[in-house]
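Undergrad: Below is the structure I would like to discuss, written out as structure tokens.
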Amino acid sequence: MSQGNQHQHRNQSQPSRPAQGGRPSTNPYDDADPIRVRRTHHQSIPAPASGAGQGAAQPESARLVPGSAAQRHVQAPRRVEVQRTNAHHPSVEQRRAALRSESAQRTNAQAVPQQRRAPQQAAQAGAGRGAARPASQGKQPAQRPPRHQAPKPTPQQIEAARREELRRQYHEVSPDRAYAPSARRSTERAERQYASQQRRQEKHPDRHVRPRPIPGDDYFRTPDVVFERGTQAQSPVTKRVNHAPAIIACLVALAIVGVVAYAWMHRTVQVTVDDKQVNVVVNSTLEQVLDASGQKVSPGNLVAVTGDVITPSDGHAFSATINGNAVDDDQLASTTVKGGEDIKFGNGDDRTEDYDVVNTTTVQPQLKMEGTEGSVFYVKQWGKTGTIETRKGKQSGKTADVTSVDVQDLIIQRQGIAPDNDQKLVALTFDDGPSQYTDKYLDILDQYGIKATFFELGQQVDEYPDAAKRVVSDGMQLGSHTWDHKQLTKLNEQQVSDELGPSFQKIQDVTGYQTTMLRQPYGSINDKVWLYSKGTMSVSVFWTHDSEDWKVPGVDKLVSNATKDMFTGAIILMHDGGGNRDEDVQALPQIIEAWQNAGYQFVTISDLMKSDPRIPDEVTSGDEQMPSDAVWPTEISKDSTSNAIP
Ligand code: NI
């Protein structure tokens, strides 16, 4: 072999083999890794057309000493020669090409059946032809063909042959694989990795071989994938799921949420303080709002249970109303604003010293009648007990009786009924029934299609239950007229109870109709009767027009009494019991027509009361019961008005 040949080979093959004793190598393959060294020896970089490197520059050889160890190493035979533009720094494409070629050879050597290796062997033979094999290169594979035997195949030919062989293999093993590139590549990769591990273990039996390729090492990148995709192969390591981006995204999202929440919780809102707009942070306390408004108020004093001042200006700092509602002194510190409130501040209230309750007194309600005129009496307010505490101040030592719960008196209101909205309403009432005449009254009322109110005696309901039932079934209103028509104002407490309770109960037992409405006999009623009623009645009804039918005055007089001086809210008194009622039966149609002709509408007592908005709704029903938390008084208030009907 001539010196020129040596130069030629050196220049065309991998340059700059480890220059033992020579200058430092810059070859990335040139390191102490025996695997990489081995790979470098087997590097089958596809060579360009034969002779292409003859005229190439030889900068490296000029600096190498012929015959030295480095020189001999450079002259080591190569399967494939390649023309490089930069001998010291093989490009990525050159490295990939070398890897492809090596892979092809290895695959052929291990997997290709003997009868199918001919083309590849021919290519290898061509690639390696002409390469001498120095005795110093003991590591060179034994099957390496001699050089100078046949024209070298081009890299394209080698690659084509390798791919054709691969295609035949996988068609043979499994035709489906030809249509499943990913499966085929996966199998190839596994085979290569296995072969790689085998080689490494042969070389270093005592070294632990990782069961998978080293990430980032081109040697373990699959040449086929590099070729197919034109990019780096997917190493198993790169297929690991990387959680870092998701975690970072979550942290960023949490940070954003936190910032938004903080901004929302500290946003500025506007409130109105004494008709001026004030900007404050949301959820500011009233004290903060007061400071922001700049308004000056005076604090209250600390006072004893008796009201005497203990320490001036040691009371509540301020008082406040929000949207017109006063804020309790003990809520001033905890009340915050949301924005939009209308706030008014005032001087602070006095603050009472801490105290002990040494005694408690219950205050009973009293019955108080209000109003002096009118046709109806009704419960305007139910009675409730109050509480008086005897308090002893811890600081002052003084004692005082203080009302802790205000008492609520029972209030009986007397008033006339004044229908609103210019309604012209009148109510017919019939007392002392039921009797044998009641059916005739009901027939007439049905004929005119009007409703009336029947105040029945308990003993009469007991005697004429069917008549009482028809009153109810015909849609009339029903009330009590006591049990047997005694004058209530002349009775004691027990007698009043005996007249009222049983009559209400009798009506309910016979007709199922519940009522707490009374027509007092003779119209006689006073605050004492109400006190004795003990909550069994809610309304007592007087009248405005007395027909005086009990006098049997004749039909014309009877009609005249019932129709004179008409006004809205009138209540006409007639009777369907207590004697001969023939005149009533004759007069009733005339009375009805007279009022109707005057434009009046007949209604029940309940409907008449409902027409007056001053009367509480629960009372107008005529059957209101005393609430469970109410207390019936035992005495009459001195403030009660004198409104008795004797
Ligand atoms: Ni009567």
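Where a number appears in this text, it was derived from the coordinates with a stated rule and is not lab data. Predicted, not measured: the structure shown is a model, and the values here were computed from it. Neighbour counts are summed over all protein chains in view; Cβ atoms, including those assigned to glycine, are modelled from backbone coordinates with ideal geometry.
Undergrad: Can you sort 166, 558 by how many other beta carbons sit within 10 Å, fewest first?
TA: Details: 166 19, 558 23.
With the fewest neighbours first, 166, 558 line up as 166, 558.
Undergrad: Report, by chain and number, residues whose modeled amide H sits under 5 Å from the one on residue 346, excluding near sequence neighbours (fewer than 5 apart, same chain).
TA: For residue 346, whose amide H was placed from the backbone, the distant partners under 5 Å are 319, 320.
Undergrad: Label residue 270 and residue 402 with points 7 Å out from Cα along Cα→Cβ: what is the distance between them in nm?
TA: Distance between label points: 4.2 nm.
Undergrad: Still on this structure, I have one more. Expressed in nm to one decimal, what extension gain is obtained for the pair residue 557 and residue 447 from 0.36 nm per residue of sequence separation less their Cα-Cα distance?
TA: Values: separation 110, 0.36 × 110 = 39.60 nm, distance 2.33 nm.
Residue separation times 0.36 nm, minus the Cα-Cα distance, leaves 37.3 nm.
Undergrad: So, one more: Within a 10 angstrom radius of the beta carbon, how do 93, 191 rank from fewest other beta carbons to most? Working shown, then result.
TA: Details: 93 8, 191 15.
With the fewest neighbours first, 93, 191 line up as 93, 191.
Undergrad: Taking the number of other C-beta atoms within 10 Å as the exposure measure, put 256, 645, 591 in order starting with the fewest.
TA: Details: 256 10, 645 15, 591 25.
Lowest to highest Cβ neighbour count: 256, 645, 591.
Undergrad: Quick one: what Rg and Dmax do you get for segment 258-300 from the alpha carbons, in Å?
TA: Considering segment 258-300 through its Cα atoms, Rg and Dmax are 12.6, 43 Å.
Undergrad: Let me ask you something else. Packing-wise, with mean Cβ within 10 Å as the measure, how do 283-294, 392-403 rank, highest first? Walk me through the numbers on the way to the answer.
TA: Working: 283-294: 16.9, 392-403: 14.7.
Highest-to-lowest ranking by the protection proxy: 283-294, 392-403.
Undergrad: Once Rh is set to the Kirkwood radius over Cα pairs, what Stokes-Einstein translational diffusion coefficient, in µm²/s, holds for segment 460-619 at a temperature of 20 °C and a viscosity of 1.002 mPa s? Walk me through the numbers before you get to the answer.
TA: Working: Rh = 17.0 Å.
My calculation gives 126 µm²/s for D.
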